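Please read the structure below before turning to the comments.
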Amino acid sequence: MSKKTYILDTSVLLHSPDSLSAFEENEVVIPIVVLDEIDKFKKGSLEVNRNARIIIKSIDRLREKGKLNEGVPLEQGGMLKVDTEFDFEPLTKLLPEGFEISNDNRILAHALGIRGRSNEGPVVLVSKDINMRVKADAIGLAAEDYKKDKINLEELFSGHREIYVGEDEISEFYRSKILPVNGKGEIFPNEYVTLINSQNPNNTALARYDGEKGSFVALLSEKKMDIWGLSPRNREQRFAMDMLLNENIPLVTLMGRAGTGKTLLALAAGLQKVVNEKVYRKLNVYRPLVPMGRDIGYLPGREEEKINPWMYPIFDNLEYLLHDGKSDSKKNGSTDTIQYLFESQQLDIKALTFIRGRSLPYQFIIVDEAQNLTPHEAKTIITRAGDGTKIVLTGDAYQIDHPYLDSTSNGLTHIIERFKGQRIAGHITLIKGERSSLAELASKILE
């Protein structure tokens, strides 16, 4: 099988600085115009700026192994080459009439030139920019998305399943609250199951697989799940609440469409563990500015005033919990309670921009809208966790605002898949919307 030549555009390198090592034994080519673009991003404190500096340093280390324009070997195999044989004017004849002179079109022209000189195998342009891939295909140039961090959403771990058991087994589970796993197939630690009586499908029980015990164990009682005026309304919410209140599961991911209750459940559990049970010192709620890391310095006012518009969904949920959603008469009281939680340092709500470099021990951390994180950003957040800390990531993989992420490459789905099978982690995909009948209908018919 002939080796391929992969041409990387700027979006790939800024999205994943380790992308140079993702192409096995094939040749990786960076057009010189891409390095010029990356240079423009190297100054600043945002994730894209840090990635630019990382990739520049990586290429500089490779420069010590040989001449970049001739090709240097990569540790994981293959060869990296910075292509400088570029004369845009003749190559413009290869592009359709009307293509303006832009860096994207220079990269396309450059890729066509590389293909014209290549005699070893297929030449493929790799880009996170959808329109770049469309234009490449339109001019007959093979193009694809960066696939290393792609997750098959159809096969994404849901965190729960149904298992048929014998009548005697389900009776034993109801009696002893535990059932050994015998020949039930591969089950992941902290995976939730609905045990179904094979003789009477209406006879069911909800359970969690305890990896240490090798058995199904009963969920928390409904009474213990009734917290802050909130109780689970469906099966998946019961699974989620059981996991959120379990101190032995320090990493929880909740995925679901709008209105499924993921953020509300997480906040209720956080308040319960911080304010009522005093298990954690503080409830920290983080939310990425869309896109994550957007500079809030250009907005008017103090830091708190700048961030507040992005945090309204969090405040809405807190107010609902604190006045029980029954009437507006308690709204002022709920506002006072929120203010008290802030002043007593039991609650903090921040933009995710401010989490880098922190160490957060004994805290209940909620990261909302986690689908707008890159896999690297998600890793950065989880590595902030100190001793005794619980992290909850919530989001909707179908509602992506980040320009270079999609439902299969974002940080939330990445964490769900990578931590599947780990005893310290759990995941639930919430299905049924509970916000209102209108919201549930809109979620279904307006996809």
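Points to keep in mind about this one:
- Cβ-Cβ contacts under 8 Å between residues 6 or more apart (or on different chains), taken from a first residue in region 45-74 that is over 15 Å from residue 20 (Cα atoms) to a second residue that is part of a helix (DSSP H, G or I) and of a type outside the set (Val, Ile, Thr), are listed as 47/376; 47/377; 48/14.
- Selection within region 223-243 - farther than 18 Å from residue 259 by Cα, touching a residue at least 12 places away in the same chain (Cβ under 8 Å) and either part of a helix (DSSP H, G or I) or more than 29 Å from the chain's Cα centre (by Cα) (or both): 224, 225, 242, 243
- Filter pass, residue 162 being in contact with a helix residue (DSSP H, G or I) (Cβ under 9 Å, 6 or more places away or on another chain) and either at pLDDT 90 or above or in the same structural domain as residue 20 (by TED's automatic domain parsing) (or both): no
- All strands (runs of 3 or more DSSP E) inside region 113-215 with 1 or more residues being closer than 23 Å to residue 417 by Cα and of a type in the set (Val, Ile, Thr): 160-165, 192-197
- Residue within region 42-58 that is over 29 Å from the mean Cα position of the chain (by Cα) and within 22 Å of residue 110 (Cα to Cα) present: no
- Hey, residue 198 surrounded by fewer than 17 Cβ atoms within 10 Å (Cβ to Cβ), without any contact (Cβ under 8 Å) to a residue 12 or more places away in the chain and among the small types (Gly, Ala, Ser) or not: no
- Those residues of region 350-384 which are at pLDDT below 90 and part of a strand (DSSP E or B), in sequence order: 350, 351, 360
- Picking from residues in region 43-87 that are of a type in the set (Lys, Arg) and under 18 Å from residue 374 (Cβ atoms), the one that is modelled with the lowest pLDDT is 50.
- Candidate set from region 97-112 (those that are touching a helix residue (DSSP H, G or I) at 6+ places or on another chain (Cβ under 8 Å) and outside any helix (DSSP H, G or I)); member that is modelled with the highest pLDDT: 101
- Matching option when the condition is more than 28 Å from the chain's Cα centre (by Cα) and surrounded by 13 or more Cβ atoms within 10 Å (Cβ to Cβ), among 121, 159: 121
- Candidates are the residues of region 301-348 that are farther than 20 Å from residue 277 by Cα and of a type in the set (A, V, I, L, M); the one that is modelled with the lowest pLDDT is 307.
The values are calculated or read from the model by the stated rules, or taken from the named source; none is laboratory data. Quantities reported herein were computed from a predicted structural model and do not represent experimental measurements. Note: ideal-geometry Cβ built from the backbone for every residue, glycine included; neighbour counts use all protein chains shown.
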